[in-house]
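**Student:** Here you go, one structure.
The values are calculated or read from the model by the stated rules, or taken from the named source; none is laboratory data. Keep in mind that what you see is a predicted model, and the values were worked out from it rather than measured. For neighbour counting, all protein chains shown are included, and Cβ atoms are generated from backbone atoms with ideal geometry for every residue, glycine included. Only protein heavy atoms, including side chains, enter the accessible area calculation; ligands, DNA and RNA are left aside. Shrake-Rupley method; radii C 1.70, N 1.55, O 1.52, S 1.80 Å.
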Amino acid sequence: MFDNIPDLNLVRLFVAMVESPNLSVAAQRCGMTRSNMSHRLKRLELVMGAQLLRRTTRHVELTQAGRLLYQHGVRLLDEMRAAQASIDSLGGTVRGDVRVRLPTGLGHLYLAPVLLEFARSYPDISLRVHINDNIGDLVSAEVDLALKITSAPPEDHVARRLCAIQWVLCAAPSFRHEGRPVRTLEELGRCSLIAPQSMGRRFDLRLMHAHGDPLVLRVAPRLQSGDYPFLREAVLAGLGVVLLPRYAVWKELRDGLLQEVLPEFEPEGVGNAIYLLTAPNRFPSMAARTLAAFVQTHIERHHRDWLRPAAGR
């Protein structure tokens with residue numbers, strides 16, 4: 001009665017085929033030749049009694065049976081990984097591999113030391129860390145967890161909101177516009193502005209006020225980059241007024257190295273919250289869940305420092 005149950009290894013190979021751009025890449029990832037991979041695909045189709053992949057003149061596409069097997073196969077493999085991780089954890093040790101993607105600013109300025117602390121605390125978990133702002137498809141990118149700062153999390157991923165993100169305009173105490181501090185929107189519009197590259201070369205800076213409608217100022221930054229540490233160094237050097245999330249400069253604001261510009265306004269930036277993203281068709285492993293909980297705990301412990309002083313203290 002077990003004759004028609006496919007070998008789990010064949011299912012694993014099939015999932016790898018679907019998640020690879022072509023059969024050659026899938027074979028390379030699985031450590032075998034392309035012909036061997038094709039042979040095993042035929043064996044799996046024979047066991048399933050259905051064609052799983054259809055070759056056209058341009059590409060290979062899934063048949064209806066192939067789509068069903070892929071969906072169930074992904075869940076099956078995830079459940080097997082979760083079962084193995086749970087069995088491992090019976091001995092008090094969490095093991096496994098976790099692939100995580102972090103946004104550049106949050107990754108370099110805050111999360112890098114958090115991940116190093118995690119690596120010290122869980123020596124049996126292997127980490128593969130990517131720090132860039134391109135989330136994309138977590139399945140094809142082979143990523144288990146991703147963090148993203150956004151106001152609208154992608155609908156094709158499972159998104160968990162971790163905390164709010166506030167933005168701030170600030171400058172070095174020595175910075176002056178025409179010899180005096182920046183006190184009006186008109187003066188801000190004539191200042192050298194430093195901003196994230198993702199805002200665009202020219203954009204509408206929205207400024208929220210507690211007692212009125214938002215104000216919009218059309219700006220063209222003098223200095224832009226996707227590297228938030230670089231933007232922070234630029235404003236500390238007195239090169240202008242910077243737009244950054246508060247987590248990037250809260251210590252400098254606290255210590256007086258930077259001062260808020262137009263503190264009665266709250267500017268809008270790239271996003272207003274941090275989200276933890278996972279692929280919709282994959283059950284996170286015990287190792288991935290452990291990392292997610294570790295990061296969430298750290299963020300919840302420190303995010304009050306990232307709020308406006310009136311709200312955070």
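**Student:** Using the membrane-span-like helix rule (whole DSSP H runs, Cα extent along the own axis of at least 18 Å, mean Kyte-Doolittle hydropathy at least 0.0), which helices of the chain qualify?
**Tutor:** 286-302
**Student:** Below 8 Å between Cα atoms, with a sequence gap of 6+, how large is the relative contact order for segment 8-85 in percent?
**Tutor:** Here the relative contact order equals 26 percent.
**Student:** So for the chain, taking the charge dipole from beta-carbon charges (+1 Lys/Arg, -1 Asp/Glu), which of Phe14, Gln166, Trp250 sits furthest toward the positive end?
**Tutor:** Among Phe14, Gln166, Trp250, the one farthest towards the positive end of the dipole of the chain is Phe14.
**Student:** Another question about this same structure. Under 15 Å from a label point 7 Å along Cα→Cβ of Ser174: give me every residue in segment 245-289 with its amide N that close.
**Tutor:** 257-259
**Student:** Follow-up. Whenever you get a sec, compute what percent of the accessible area on segment 186-290 sits on carbon and sulfur atoms (1.4 Å probe).
**Tutor:** 49
**Student:** Another question about this same structure. Tell me, in nm to one decimal, what length is gained between Ser126 and Ser24 on full extension, where the rule is 0.36 nm per residue of separation less the Cα-Cα distance?
**Tutor:** Contour length minus Cα-Cα distance gives 34.1 nm.
**Student:** So what is the relative contact order for segment 167-267, in percent, with contacts set as C-alpha pairs under 8 Å and at least six apart?
**Tutor:** It comes to 45 percent, rounded to a whole number.
**Student:** Given the DSSP H assignment, sum -39500 (n - 2.57) over each helix run of at least 4 residues in the chain and divide by its residue total; what's the result at 222 nm in deg cm²/dmol, nearest 500?
**Tutor:** -11000 deg cm²/dmol
**Student:** Taking springs between alpha-carbon atoms closer than 10 angstrom, which of Arg222, Arg54, Arg176 fluctuates most in the Gaussian network model of the chain?
**Tutor:** For the chain, modelled as a Gaussian network with Cα springs under 10 Å, the answer is Arg54.
**Student:** Can you tell me what share of the DSSP beta bridges in segment 112-248 is antiparallel? A percent to the nearest 5 is fine.
**Tutor:** 70
**Student:** Take the chain, connect every pair of alpha-carbon atoms lying under 10 Å apart with a spring to form a Gaussian network, then pick out the residue of Ala172, Ala292, Ala26 with the largest mean-square fluctuation.
**Tutor:** Comparing Ala172, Ala292, Ala26 in a Gaussian network model of the chain, the most mobile one is Ala26.
**Student:** Among Gly256, Gly271, Gly226, which one moves the most in a GNM of the chain with springs linking Cα atoms closer than 10 Å?
**Tutor:** Comparing Gly256, Gly271, Gly226 in a Gaussian network model of the chain, the most mobile one is Gly256.
**Student:** Cα gyration tensor of segment 167-267, axes a ≥ b ≥ c as square roots of the eigenvalues: rounded (a/c below 1.5), prolate (a/b > b/c) or oblate?
**Tutor:** Rounded, since a/c falls under 1.5.
**Student:** Now for a separate question. With the other protein chains left in place, how much accessible area per residue, in square angstrom, belongs to the chain at a 1.4 angstrom probe?
**Tutor:** 54
**Student:** Run the numbers on the chain and let me know its relative contact order in percent, using alpha-carbon pairs under 8 Å that are six or more apart.
**Tutor:** Worked out over the chain, it gives 22 percent.
**Student:** Another question, then. Considering only segment 187-313, what is the antiparallel percent among its DSSP beta bridges, to the nearest 5?
**Tutor:** Bridges in segment 187-313 that DSSP calls antiparallel: roughly 65 percent.
**Student:** May I ask you to derive the FRET efficiency for Thr33 and Asp305 from their Cβ-Cβ distance with R0 = 35 Å, giving the value to the nearest 0.05?
**Tutor:** Given R0 = 35 Å and the Cβ-Cβ separation, E is 0.05.
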